[in-house]
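Written below as structure tokens is the structure these notes are about.
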Amino acid sequence: MTASIIDGKALAQQIRAEVLGRTQALKARGIQPALSIIMVGDDPASAVYTKHKVNDSTETGLAATLERYPATLTQDELLARIEALNNDPAVHGILVQLPLPRHMDSQRVIETIAPAKDVDGFHVANAGALMVGRPGFWPCTPHGCMKMLESIGYDLRGKHAVVIGRSNIVGKPMAMMLLGRNATVTICHSATRDLKAMTLQADVVVAAVGKRNVLTADMVKPGAVVIDVGMNTNEAGKLCGDVDFAGVSEVAGWITPVPGGVGPMTRAMLLVNTLEAAERAANRAH
Ligand SMILES: Nc1nc2c(c(=O)[nH]1)N[C@@H](CN(C=O)c1ccc(C(=O)N[C@@H](CCC(=O)O)C(=O)O)cc1)CN2
């Protein structure tokens with residue numbers, strides 16, 4: 001079997017076109033959706049990602065500003081800046097690029113962002129909303145994965161989904177979203193005794209570990225859907241995921257590539273969340 005590719009790049013392009021239409025509708029009501037991005041320090045990857053986020057926003061009619069601060073910025077200074085953005089009615093979405101310098105408490109920083117402007121969906125209020133099925137912002141990466149499953153018309157009801165990884169920003173919310181679509185969900189992690197025994201039972205595997213070759217062909221049930229959230233570099237310095245793409249493609253039914261899979265969808269869902277934040281603010285005001 002050779003797996004079909006779920007093309008995240010093409011799907012993200014479709015989503016951006018939809019966002020552009022909705023942005024124009026908001027602008028016609030006199031509202032300019034706006035995203036504020038904060039980056040602290042000089043991590044080269046973060047510099048690339050934040051630049052992409054600004055470009056994506058511009059392409060879809062959202063106003064985005066990128067504020068870059070040196071790694072010497074104190075946490076109190078950062079929190080004060082977030083508070084100012086919280087109180088600015090012209091700003092609908094606030095995003096603090098991760099990772100932050102080591103002297104900062106990322107969770108504290110995230111929880112300073114007003115939940116209604118937390119377009120990353122990382123605030124505990126948004127995490128709680130997802131957990132109990134209330135409206136809120138969903139984290140962009142797992143939300144993008146759900147959109148990819150939706151794009152192939154995959155019905156999760158009664159299916160067994162295995163999520164490898166238990167981070168607050170991908171693994172746990174991913175599991176909640178799959179559960180919300182009536183999948184039977186198993187979360188595997190570094191202390192899981194027999195990962196292969198778990199993944200071999202899975203109709204859907206989401207690999208979100210941050211380590212190459214976590215999932216190999218012998219660990220996958222024929223026909224399964226495999227979603228690769230990983231973003232690693234191989235020995236040739238090339239971007240690769242957590243999944244052995246060549247091997248797993250021979251067994252899986254569907255697979256997402258890296259690059260061109262979950263990454264572009266993460267960026268697209270940020271635009272959707274920002275637009276949603278602006279729409280909700282507009283509806284609250286009227
Ligand atoms: N505040 C946040 N920080 C971080 C997040 C996040 O969602 N919010 N996620 C990651 C990084 N990230 C977004 O910020 C991200 C990384 C990569 C991509 C992407 O499009 N990847 C491309 C390849 C890009 C390349 O060539 O380097 C792909 O996979 O095709 C999107 C978003 C950590 N920080």
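Go through the range 86-102 residue by residue and tally those that are among the small types (G, A, S) and more than 26 Å from K27 (Cβ to Cβ).
0
If you go through the range 56-102, how many residues are within 16 Å of the ligand (Cβ to nearest atom) and assigned to a strand (DSSP E or B)?
Final tally of qualifying residues: 10.
Among the residues of the range 109-117, is any surrounded by 24 or more Cβ atoms within 10 Å (Cβ to Cβ), over 27 Å from G261 (Cα atoms) and at pLDDT 95 or above?
yes
With open to solvent by 10 Å² or more (accessible area, probe 1.4 Å) and more than 21 Å from A282 (Cα to Cα) as the only criterion, which of D88, D120, D105 stands out?
Sole residue among the options that is open to solvent by 10 Å² or more (accessible area, probe 1.4 Å) and more than 21 Å from A282 (Cα to Cα): D105.
Of everything in the range 234-243 that's out of contact with any Lys or Arg (no Cβ under 8 Å at 6 or more places or on another chain) and open to solvent by 20 Å² or more (accessible area, probe 1.4 Å), which residue is nearest to V220 (Cα to Cα)?
L239
Might you check whether a residue that is open to solvent by less than 70 Å² (accessible area, probe 1.4 Å), in a loop (DSSP other than H, G, I, E, B) and either in contact with a Leu (Cβ under 6 Å, 6 or more places away or on another chain) or aliphatic (A, V, I, L, M) (or both) occurs anywhere in the range 44-55?
No, the range 44-55 has no match at all.
Six or more apart or on different chains, Cβ atoms under 7 Å: show the pairs whose first residue is in the range 125-148 and open to solvent by less than 10 Å² (accessible area, probe 1.4 Å) and whose second is of a type in the set (S, T, Y).
What qualifies is C140/T266; G144/T266; M148/T256.
So that you can scan it fast, the table gives a plain yes or no per residue for (1) at negative phi; (2) open to solvent by 40 Å² or more (accessible area, probe 1.4 Å):
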| position | (1), (2) |
| --- | --- |
| G210 | no, yes |
| A217 | yes, no |
| A246 | yes, yes |
| W254 | yes, yes |
| M265 | yes, no |
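Six or more apart or on different chains, Cβ under 7 Å: which pairs go from a residue in the range 43-71 that's farther than 28 Å from E279 by Cβ to one that's at pLDDT below 95 and more than 9 Å from the ligand (Cβ to nearest atom)? Could you list them?
As it stands, the answer is none, since no pair meets every condition given.
Which condition from (1) open to solvent by 10 Å² or more (accessible area, probe 1.4 Å); (2) among the β-branched types (V, I, T); (3) in contact with a strand residue (DSSP E or B) (Cβ under 6 Å, 6 or more places away or on another chain); (4) within 30 Å of K117 (Cβ to Cβ) is the one that I227 breaks?
Going through the list (1) open to solvent by 10 Å² or more (accessible area, probe 1.4 Å); (2) among the β-branched types (V, I, T); (3) in contact with a strand residue (DSSP E or B) (Cβ under 6 Å, 6 or more places away or on another chain); (4) within 30 Å of K117 (Cβ to Cβ), I227 breaks only (1).
State the number of residues belonging to the range 5-31 that are without any contact (Cβ under 8 Å) to a residue 60 or more places away in the chain and more than 30 Å from G153 (Cα to Cα).
3
Among the residues of the range 243-260, which ones are more than 6 Å from the ligand (Cβ to nearest atom) and not aliphatic (A, V, I, L, M)?
Matches in the range 243-260: D244, F245, G247, S249, E250, G253, W254, T256, P257.
What number goes with the only condition from (1) open to solvent by 20 Å² or more (accessible area, probe 1.4 Å); (2) in the same structural domain as D43 (by TED's automatic domain parsing); (3) in contact with a helix residue (DSSP H, G or I) (Cβ under 9 Å, 6 or more places away or on another chain) that A80 does not pass?
Every listed condition holds for A80 apart from (3).
The values are calculated or read from the model by the stated rules, or taken from the named source; none is laboratory data. On a predicted model such as this, the values are computed, not experimentally measured, just so you know. Because the Cβ atoms are built from the backbone with ideal geometry, glycine has one as well, and the counts that use them run over all protein chains shown. Note: areas computed on protein heavy atoms with side chains; ligands, DNA, RNA excluded. Shrake-Rupley method; radii C 1.70, N 1.55, O 1.52, S 1.80 Å.
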